[in-house]
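K.L.:
Before we start, here is the structure in question, set down as structure tokens.
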Amino acid sequence: MSGGIADMGLAALARAIARGKVSSLEAATSCLKGLETLGKELNAVAGIDPEAALKAARRADAQRRKSGKRGRLHGVPLAHKDMYYRAGRLSECGAKIRRGYVPDVTATVLKRLDAAGALDVARLNMVEFAMGPTGHNEHTGTPMNPWNKAHVPGGSSSGPGISVAARLAYGSLGSDTGGSIRLPAAFCGLVGIKPTYGLVSRYGAMPLSFSQDHVGPLTRTVEDAGLMLQAIAGHDPDDPTTSAREVPNFLAELEKGAKGRTVAVAEGWFRQGIDAEVAAGMDAAAEVYRRLGAKVARIDVPSLDHVNDMAMLITGAESASYHATWLRERPQDYGAQIRQRIQAGVMYPAARYLEALRLRRHALAWFLDKVLGKADALLAPVLAFPVPTIAETDVGGDHRAFEVVARVARNTRPVNYLGLPAVSVPCGFTRNGLPLGMQLVGRPFAEARLLRLARAYERETGCTSHRPPHCWGG
């Protein structure tokens, strides 16, 4: 299979299908072949139903040939993290406990992608119950990074990161409780959006920490990310935490550039223990924005250790609540590390949990005032060191791995506690040949502005044009 269709971005493919230049069947066939071969080789795939996918593609092509309005993602094949429920279909959440589980509800985000015309062609591997930042999974095996199979792809949305980067799917839904969209995006050279808390419904998605879970897309380009976000955002009566505010057009100002915008470059806490290569990459990205006419100011970010601590406390307590029955009745069916994390959450005092929830509003006000100030975005590294290997992060095989894994989500987790939007954008490579990712963090519901800034950087640098060595389509 040569490049061609597999290399097209989501938005480009959607336009080609709408114009009749490419068929949905051609695109779906390419994805299915890639998922069956390279996808399984990289251990990215949880399940595929080729017959149903091809039938849906033929139906999409037939619908396009008829008159009438079609959704903006009509006929585009997508594949999602195996935690988004679809009635009547397996959803196993990377867990032994969930093997054979068939839900009777469909996630709101899947319904909205269906309404936009997208195809759902596969379920993708993930960390067990979404509880891990690297991709390791004792039950399904550890997926491999398409840039180098010896390295982790990031977690917990490991399958989505691999599949989109390796040209096996045109986009994917991930979830982000402590960085699980931004980490795979950064590790695999993609764009990933963690939206503002409440912008996207979590109904029908497996919960981890219900007050910190975020649903969002991983894609190859900024425009692709905006298109997917446009399709899934908005109030949902089935999820009372969703905002009732009107959803803006995320693409309306996409090409307006960075001139006149203000980018705050994170120093201080975000630079503690940072690798020299990563620091150089952040400085180079800041210089790009300066060249594009943005106002660039460096800010000494005070310690966010307390924010990280409260985020972990909340995740521990809320996940323990969700898993309480299984933990009592089937503790042996959890992976050892996941079981230990959940058991730790059981021991947190209710008073500490409630205090962490109460302090969130104050922490957010402080961050908006002292860190973001008048800036449109904070520029910070997703990961402060080069993407590690599978061996370096195998906590079952190397006692030093605990320290490495503990550092992986350090820079992303505070943003979940605060509920702020963040976009991960690739910004070069480190000497080990793995991608480097920056995150742009903004004010609540400022996704359109973040996408505009991300697109300005992408257009200037071509940062999303690179293909990994292990890539479908040659």
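K.L.:
Would you check which residues across the range 364-396 are farther than 24 Å from Ala186 by Cα and either in contact (Cβ under 8 Å) with a residue 24 or more places away in the chain or part of a strand (DSSP E or B) (or both) and list them?
P.N.:
Of everything in the range 364-396, those that are farther than 24 Å from Ala186 by Cα and either in contact (Cβ under 8 Å) with a residue 24 or more places away in the chain or part of a strand (DSSP E or B) (or both) turn out to be Leu364, Leu368, Lys370, Gly373, Lys374, Gly396.
K.L.:
Turning to a different aspect of this structure: Suppose we keep only residues that are crowded, with 17+ Cβ neighbours inside 10 Å and not charged (D, E, K, R) within the range 338-347. Which one would you say is nearest to the chain's Cα centre (by Cα)?
P.N.:
Ile338
K.L.:
In the range 436-448, is there at least one residue being part of a loop (DSSP other than H, G, I, E, B) and at pLDDT below 95?
P.N.:
Checked against the condition, which is being part of a loop (DSSP other than H, G, I, E, B) and at pLDDT below 95, the range 436-448 yields no hits at all.
K.L.:
OK, next. For the range 1-27, give me each residue that is in a helix (DSSP H, G or I) and closer than 25 Å to Pro143 by Cα. Can you show your working first?
P.N.:
Applying the first criterion (in a helix (DSSP H, G or I)) to the range 1-27 yields 4-7, 10-18, 24-27.
The answer is Ile5, Ala6, Asp7, Leu10, Ala27.
K.L.:
Please go through the range 330-340 and pick out each residue that is more than 18 Å from Glu92 (Cβ to Cβ) and in contact with a helix residue (DSSP H, G or I) (Cβ under 7 Å, 6 or more places away or on another chain). I'd like the intermediate steps shown before the answer.
P.N.:
Going residue by residue through the range 330-340, those that are more than 18 Å from Glu92 (Cβ to Cβ) are 331, 336-337, 340.
Answer for the range 330-340, where residues must be more than 18 Å from Glu92 (Cβ to Cβ) and in contact with a helix residue (DSSP H, G or I) (Cβ under 7 Å, 6 or more places away or on another chain): just Pro331.
K.L.:
Go through (1) surrounded by 15 or more Cβ atoms within 10 Å (Cβ to Cβ); (2) among the acidic types (Asp, Glu); (3) under 18 Å from Gly428 (Cβ atoms) for Asp283 and report which single condition fails.
P.N.:
So Asp283 meets the others, but not (1).
K.L.:
What residue, of Arg290, Arg298, is over 30 Å from Ala233 (Cα atoms), outside any strand (DSSP E or B) and charged (D, E, K, R)? Let's see the steps before the verdict.
P.N.:
Values: Arg298 fails: outside any strand (DSSP E or B).
Checking each option against the conditions leaves just Arg290.
K.L.:
Filtering the range 17-71 down to residues that are within 10 Å of Val121 (Cα to Cα) and small (Gly, Ala, Ser), which residue is surrounded by the fewest Cβ atoms within 10 Å (Cβ to Cβ)?
P.N.:
Ala52
K.L.:
Moving on to the next point. Would you mind stating whether Asp224 is over 15 Å from Ala79 (Cα atoms), in contact with a strand residue (DSSP E or B) (Cβ under 9 Å, 6 or more places away or on another chain) and among the acidic types (Asp, Glu)?
P.N.:
Considered against the rule, which asks whether it is over 15 Å from Ala79 (Cα atoms), in contact with a strand residue (DSSP E or B) (Cβ under 9 Å, 6 or more places away or on another chain) and among the acidic types (Asp, Glu), Asp224 comes out as no.
K.L.:
For the range 8-27, what are the residues that are among the charged types (D, E, K, R) and either modelled with pLDDT under 95 or closer than 23 Å to Leu251 by Cα (or both)?
P.N.:
Hits for the range 8-27 are Arg15, Arg19.
K.L.:
With the condition kept exactly as written, say whether any residue in the range 384-402 is closer than 23 Å to Ile314 by Cα and modelled with pLDDT of 95 or more.
P.N.:
Looking for residues that are closer than 23 Å to Ile314 by Cα and modelled with pLDDT of 95 or more, one finds none in the range 384-402, hence no.
K.L.:
Of the conditions (1) within 30 Å of Ile390 (Cα to Cα); (2) in contact (Cβ under 8 Å) with a residue 12 or more places away in the chain, Ala53 clears all except one; give me its number.
P.N.:
(1) is the only condition that Ala53 fails.
K.L.:
Would you mind stating whether Glu403 is closer than 24 Å to Ala336 by Cβ, of a type in the set (Asp, Glu) and in contact with a Lys or Arg (Cβ under 9 Å, 6 or more places away or on another chain)?
P.N.:
No: the conditions fail for Glu403.
K.L.:
Now for a different question. I'd like the residue in the range 291-305 that is in contact (Cβ under 8 Å) with a residue 40 or more places away in the chain and out of contact with any helix residue (DSSP H, G or I) (no Cβ under 6 Å at 6 or more places or on another chain) and, out of all such residues, is farthest from Asn411 (Cα to Cα).
P.N.:
Among those that are in contact (Cβ under 8 Å) with a residue 40 or more places away in the chain and out of contact with any helix residue (DSSP H, G or I) (no Cβ under 6 Å at 6 or more places or on another chain), it is Arg291.
K.L.:
Being surrounded by fewer than 19 Cβ atoms within 10 Å (Cβ to Cβ) and in contact with a strand residue (DSSP E or B) (Cβ under 6 Å, 6 or more places away or on another chain) is the filter here; which residues of the range 236-272 pass it?
P.N.:
Listed by number, the residues that qualify are Val247, Thr262, Glu267, Gly268.
K.L.:
Something else now. Mind counting the residues in the range 360-393 that are surrounded by fewer than 17 Cβ atoms within 10 Å (Cβ to Cβ) and over 30 Å from Ala297 (Cβ atoms)?
P.N.:
Summing the residues that are surrounded by fewer than 17 Cβ atoms within 10 Å (Cβ to Cβ) and over 30 Å from Ala297 (Cβ atoms) in the range 360-393 gives 1.
K.L.:
Considering the range 96-134 alone, what residues qualify as being crowded, with 24+ Cβ neighbours inside 10 Å and free of Cβ contacts under 8 Å to residues at least 60 places away in the same chain?
P.N.:
Val127
K.L.:
Under the condition of being surrounded by 24 or more Cβ atoms within 10 Å (Cβ to Cβ) and within 15 Å of Lys81 (Cα to Cα), which residue from the range 138-159 is farthest from the chain's Cα centre (by Cα)?
P.N.:
Pro143
K.L.:
Within the range 456-474, take every residue that is of a type outside the set (A, V, I, L, M, F, W, C), part of a loop (DSSP other than H, G, I, E, B) and modelled with pLDDT of 95 or more and give me the one that is nearest to Thr37 (Cα to Cα).
P.N.:
Top of the filtered list is His470.
K.L.:
Can you pull out the residues in the range 327-338 that are over 17 Å from Asp394 (Cβ atoms) and in a helix (DSSP H, G or I)?
P.N.:
Leu327, Arg328, Glu329, Pro331, Gln332, Asp333
The values are calculated or read from the model by the stated rules, or taken from the named source; none is laboratory data. Computed from a prediction, not measured in an experiment: that's the story for all the values here. Note that each Cβ is placed from the backbone with ideal geometry, even for glycine, and that neighbours are counted across all protein chains shown.
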